[in-house]
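Structure record follows, encoded as structure tokens.
Derivation of every value follows stated rules applied to the coordinates shown; laboratory data play no part. Nothing here was measured: the structure is a model prediction, and the numbers come from that model. Note that we place each Cβ from the backbone using ideal geometry, even for glycine, and neighbour counts take in every protein chain shown.
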Amino acid sequence: MLEQMPYDRQAAVDYAHQWAYSRNPNYYDYEEIGGDCTNFASQCLYAGTGVMNFDPVYGWFYRDANDKAPAWTGVEYFFNFITRSESSPGPFGISAELEQLEPGDFAQLRFNRDVFGHTPVVVSIGSPATLDNTLIAAHSYDADWRPLSTYEFREIRFLHILGAYRETGGEEAPPPRPERPPLWNWLRPPFWFGRQRE
């Protein structure tokens, strides 16, 4: 059975300020392999909810660099997980307008591609809300207190977090890890260099 719990926005924002210009050693830094923005957004969201969803396909979780859900680090997957229609463990929310945002919510930006590619966390928002007074923290490129208006983007969308669901009746324990080779075994030559040196 699931119970709904509130989102601790202040905890999420505090985490964002603490780690905006550095990296929490408990999480892998994906800066060099696609970007770290949604990993950082997920860390902030987890700081405000404390609940993960360990479904291997549709979940939202992080165990280590080689064992995480696509929604933990992927911009589109993150959006789809947060706005899912069915109730399942983890944070949930809605696609929102700028005026609905609060600190601890998220923006997603689409630059020159067909898909959204950046997920900063909102740390402050003015009234009335504008892109100039909506300030964010992000990784890839690292920022804190940055106005959304300073980004050059083709499209923007917003996520308003409503809370989180957690399993009742005890602590939610992650299922056992499946056995699989480490990430670097997949990235070793000749896979990404074309051929191995002798």
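Computed 3J(HN,Hα) for the stretch 137-147, one whole-Hz value per residue from the Karplus formula 6.51 cos²θ - 1.76 cosθ + 1.60 where θ = phi - 60°, is 10, 7, 10, 6, 8, 5, 7, 8, 6, 8, x, glycine and proline marked x. In the stretch 1-83, the alpha-carbon atoms span a convex hull of 100 Å³ per residue. Rounded to the nearest 20, the Cβ-based charge dipole of the chain about its Cα centre (Lys and Arg +1, Asp and Glu -1) stands at 580 debye.
If you place +1 on the Cβ of every Lys and Arg, -1 on the Cβ of every Asp and Glu, and leave all else neutral, what size is the dipole of the stretch 124-164 about its Cα centre, to the nearest 20 Debye?
Its charge dipole is roughly 120 debye.
Farthest towards the positive end of the charge dipole of the stretch 2-187, among the residues Ile156, Ile125, Gln4, is the Cα of Ile156, using unit charges on the Cβ of Lys, Arg, Asp and Glu. Ranking Trp145, Pro56, Ala41 by how far each Cα lies toward the positive end of the dipole of the chain (charges on Cβ) leaves Pro56 at the top. Distant-in-sequence amide contacts of Arg146, defined by a placed amide H-H separation under 5 Å and a gap of 5 or more residues or a different chain, comprise Ile136. If the chain between Glu167 and Asn66 were fully stretched, how many nm would it gain, using 0.36 nm times the residue separation less the Cα-Cα distance? Difference between extended and current length: 33.8 nm. If I model a spin label at Arg113 and Arg84 as a point 7 Å from the Cα along the Cα→Cβ vector, what separation in nanometres do I get? The two pseudo-label positions are separated by 2.3 nm. Considering only alpha-carbon pairs that sit under 8 angstrom and 6 or more positions apart, the relative contact order computed for the chain is 26 percent. Kindly identify the stretch 2-187 as rounded, prolate or oblate by the Cα gyration tensor criterion: order the square roots of the eigenvalues as a ≥ b ≥ c, call it rounded if a/c is under 1.5, otherwise compare a/b with b/c, prolate if a/b is larger, else oblate. Oblate is the answer for the stretch 2-187, as a/c is 1.5 or above yet b/c matches or exceeds a/b.
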